[in-house]
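Q: Dumping the structure here so I can ask a few things about it.
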Amino acid sequence: TLTLTGLVSAFILSDNDGGFTRLTGEYELNQNVQLTTGIILYQNGSKTNFREIGDNDRFFCELRYTF
């Protein structure tokens, strides 16, 4: 089973105030093994929390085994 999820959060009140995009994919290899991977992309903006965040993009990966 493959599940894809996308989330976009942007703050656009007056100008480019910043935001982020998160894309995630979950793949169930079998009943016991699940692989999750994704990326988070940050956009700089004029808001205090987003001024210097643009260079902090992230890639993540998780392999889960349950028994």
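Q: Quick check for you: with a 1.4 Å probe and neighbouring chains kept, what is the accessible area per residue of the chain, in Å²?
A: Counting only protein heavy atoms, the per-residue value for the chain is 78 Å².
Q: Can you list the HN-Hα couplings for region 18-34, worked out from phi with the Karplus curve (6.51, -1.76, 1.60; θ = phi - 60°), rounded to whole Hz and with x for Gly and Pro?
A: x, x, 8, 10, 10, 10, 10, x, 10, 10, 8, 5, 7, 5, 10, 10, 10
Q: Moving on. Which distance in nm do the two modelled labels at residue 61 and residue 5 give, with both placed 7 Å along the Cα-to-Cβ direction?
A: 2.0 nm
Q: Can you bin every Cα-Cα distance in the chain into 10 Å intervals starting at zero and give me the percent of pairs per bin, rounded to whole numbers?
A: P(r) over the chain, rounded to whole percents: 20, 36, 23, 15, 5, 0.
Q: Hey, another quick one. Find, among the trypsin sites (Lys or Arg not before Pro) in region 1-60, those assigned to loop by DSSP (not H, G, I, E, B) with at most 16 other beta-carbon atoms within 10 angstrom. Working shown, then result.
A: On the way: sites: 22, 47, 51, 58; in loops: 47, 51.
Here the trypsin sites (Lys or Arg not before Pro) that fit, given the DSSP loop and packing criteria, are 47, 51.
Q: What percentage of the solvent-accessible surface of the chain, computed with a 1.4 Å probe over protein heavy atoms, is contributed by carbon and sulfur atoms? Each step should come with its number before you reach the end.
A: Details: 2790 of 5250 Å².
Percent of accessible area from carbon and sulfur atoms in the chain: 53.
Q: What are the residues whose amide H is under 5 Å from the amide H of residue 57, where those residues sit 5 or more places off or on another chain and H is modelled from the backbone?
A: Hits under the 5 Å cutoff: 42.
The values are calculated or read from the model by the stated rules, or taken from the named source; none is laboratory data. Treat the numbers as computed from the prediction; the structure is a model and nothing was measured. FYI the Cβ positions are ideal-geometry reconstructions off the backbone, even for glycines, and counts take in every protein chain you see. The protein model used for the area step is the full one, side chains on, heavy atoms only, and it has no ligands, DNA or RNA in it. Shrake-Rupley method; radii C 1.70, N 1.55, O 1.52, S 1.80 Å.
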